[in-house]
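Below is one structure, written out as structure tokens, with a few remarks after it.
The values are calculated or read from the model by the stated rules, or taken from the named source; none is laboratory data. A quick note: this is a predicted structure, and the numbers were derived from the prediction, not measured. In this analysis, Cβ positions are derived from the backbone assuming ideal geometry, glycine residues included, and neighbour counts consider all displayed protein chains. Heavy atoms of the whole protein, side chains included, go into the accessibility calculation; ligands, DNA and RNA do not. Shrake-Rupley method; radii C 1.70, N 1.55, O 1.52, S 1.80 Å.
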Amino acid sequence: MAQDIPAWVEDTLVPVDKLEVHLKGLRHKAVSVFVMREGRTLLQRRALEKYHTPGLWANACCTHPHWDESPRDCALRRLDEELALRGLDPQYRGQVEYRAEVGGGMTEHELVDIFVAEARAGVEPAPNPAEVMDTEWLTLPEVRERIAAQPEAFTPWLRIYLAEHGEMILG
């Protein structure tokens, strides 16, 4: 099913088909959420059916807002759709821009609004299998160790976030 997302074409923000955005490497809006619980961050392993970066580990939730959707509303919507996590209060941490090849001739060039949400003890995700094949709660040092040992198992954006923006995101 085609989905239009907000992307810049000749310096004008317009709705563009999501697949076209990634094939052309167009700069587009995105939202990324880190969910924390008791000093650990929630990672998700992307479903094998995803059209790019299938089977790779990422932060809790990464997505594109609908045309007139606020970044915070988008974060809440996708936390529910991907992980069945409700009742969280995502806090805005800032904006990041990055560009990365994601395989299959596709490029992510995102202007990303970053959020961090704190989950209560005992809160567990219930992943939507069309989106997420596995989840794991890890400390930041554990995430960094795993990325150092096997970087190809992690999405480019998670590697970029932690290498270049970790302090801003996870303070």
For the range 1-72, the dipole about the Cα centre with charges only on Cβ (Lys and Arg +1, Asp and Glu -1), to the nearest 20 debye, works out at 480
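Grab the other residues whose beta carbon is less than 14 angstrom from that of GLU164, score K and R as +1, D and E as -1, and report the net.
Working: positive: ARG93, ARG99, ARG144, ARG159; negative: GLU97, GLU110, GLU167.
With Lys, Arg at +1 and Asp, Glu at -1, the neighbours total +1.
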Can you give me the long-range amide H partners of THR135? Hydrogens built in the peptide plane at 1.01 Å from N, cutoff under 5 Å, separation of 5 or more residues or another chain. ARG45
Give a residue-ordered list of calculated ³J(HN,Hα) values for the range 123-128 (Karplus: 6.51 cos²θ - 1.76 cosθ + 1.60, θ = phi - 60°; whole Hz; x for Gly, Pro). 5, 10, x, 10, x, 6
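Between ASP68 and GLU152, 0.36 nm times their residue separation minus their Cα-Cα distance comes to what? Kindly include the intermediate steps, with their values, before the conclusion.
Numbers: separation 84, 0.36 × 84 = 30.24 nm, distance 3.44 nm.
Answer, rounded to one decimal: 26.8 nm.
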Let me know the charge dipole size of the range 1-157 about its Cα centre in debye, to the nearest 20, where only the beta-carbon of Lys, Arg (+1) and Asp, Glu (-1) is charged. 320
Gain in length, GLU136 to TRP8, computed as 0.36 nm per residue apart minus the alpha-carbon separation, to one decimal in nm? 42.6 nm
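What does the accessible area per residue of the range 78-125 come to in Å², with a 1.4 Å probe and no ligands, DNA or RNA counted? If you can, show how the numbers build up before the last one.
Details: 2260 Å² over 48 residues.
Value returned for the range 78-125: 47 Å² of accessible area per residue.
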